[in-house]
Amino acid sequence: MRSTSKKAKPSAESPNQLSVLANFGEYRFREPAQVKESFRPLTVESLYQWFGDRTWPSYEVVAAEAVPPPYYQLLVHHDHMTVTLENYYGGPVRLRVLARRRENSWYGRKILLSRPSRVVQFGISRIDLDLCSPGVRDAILREAMPLGTVLIEHNVLRNIEPCAFLRLMPDEMMCVWFGLSEPRETFGRLALIHWDSRPAVELLEVLAPIC
């Protein structure tokens, strides 16, 4: 697992540069993922640092085939995590916004997705509001629904591009949110959402450990 310190200097093959390319189906991950006006490549670090954080969960980038079930079916796809989680758990998930930030056209938030009895996902998203229609922008900023639900209800033509799969060890706050007495290995992904062929959303999606 990677150190949580941002001072560690990554090697040429470090997950910080997303140098691991993996094939599954039609996917081939790009190195590194770039979006409009991003000041660094899309990484776990870049999303945490945008919120001013100095630490993040330890992790490593893994190939798709190294993601075990049931995490594989929940992560290795082109669908919204909202839909995938609702299908897996058999009901809707609720959005809780932990933190938010706006800078120029960018709006970002840290969130939890929950079922009635448990949190099922932690996430960080960064959205270019300039690429959103007024209706989509307003719905996102109301923070009443998960992003995937907003885009589906507004019929946004979109493509979800997984950029890397991650093996993570939850940090202290994740353990609290996930109801863990001690850290347990889990999995997640970095992804981009494009609409109108333009990258509009950066995502980190981390699943709560599944028994």
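The values are calculated or read from the model by the stated rules, or taken from the named source; none is laboratory data. Predicted model only: the values in this text are computed from it and were never measured. Glycine gets a Cβ as well: all are built from the backbone with ideal geometry, and neighbour counts include every protein chain shown.
For the reader, a short list of remarks on this structure follows.
- Residue tally, condition closer than 16 Å to L203 by Cβ and in contact with a helix residue (DSSP H, G or I) (Cβ under 7 Å, 6 or more places away or on another chain), over the stretch 107-122: 7
- A33, sole failed condition from (1) under 29 Å from D130 (Cβ atoms); (2) out of contact with any helix residue (DSSP H, G or I) (no Cβ under 6 Å at 6 or more places or on another chain); (3) loosely packed, with under 14 Cβ neighbours inside 10 Å; (4) modelled with pLDDT under 95: (3)
- Breaking point among (1) touching a helix residue (DSSP H, G or I) at 6+ places or on another chain (Cβ under 9 Å); (2) assigned to a strand (DSSP E or B), for Y88: (2)
- Of note, T84 satisfies the criterion of being farther than 15 Å from E202 by Cβ, of a type in the set (S, T, Y) and either surrounded by 12 or more Cβ atoms within 10 Å (Cβ to Cβ) or out of contact with any Phe, Trp or Tyr (no Cβ under 8 Å at 6 or more places or on another chain) (or both).
- Pairs with Cβ under 6 Å, 6+ apart, first in the stretch 49-60 and within 19 Å of G188 (Cα to Cα), second assigned to a helix (DSSP H, G or I) and modelled with pLDDT under 95: E60/P15
- Only one of the listed residues (I152, I127, I210, I140) is among the aliphatic types (A, V, I, L, M) and within 15 Å of the chain's Cα centre (by Cα). That residue is I127.
- Residue list for the stretch 105-133, filter: touching a residue at least 40 places away in the same chain (Cβ under 8 Å) and of a type outside the set (A, V, I, L, M): S105, W106, G108, K110, R118, Q121, F122, G123, S125, R126, D128, C132
- Complete set of residues in the stretch 146-159 that are surrounded by fewer than 18 Cβ atoms within 10 Å (Cβ to Cβ), of a type in the set (A, V, I, L, M, F, W, C) and in contact with a strand residue (DSSP E or B) (Cβ under 7 Å, 6 or more places away or on another chain): V156, L157
- If you check V20, V61 for being modelled with pLDDT under 55, buried (at least 16 other Cβ atoms within 10 Å of the Cβ) and farther than 24 Å from S114 by Cβ, only one passes: V20.
- Test: residue in the stretch 202-211 that is out of contact with any Leu (no Cβ under 7 Å at 6 or more places or on another chain), farther than 24 Å from V61 by Cα, of a type outside the set (A, V, I, L, M) and surrounded by fewer than 21 Cβ atoms within 10 Å (Cβ to Cβ): no
- Some residue of the stretch 50-58 being at pLDDT 95 or above, under 17 Å from the mean Cα position of the chain (by Cα) and within 16 Å of F165 (Cβ to Cβ): yes
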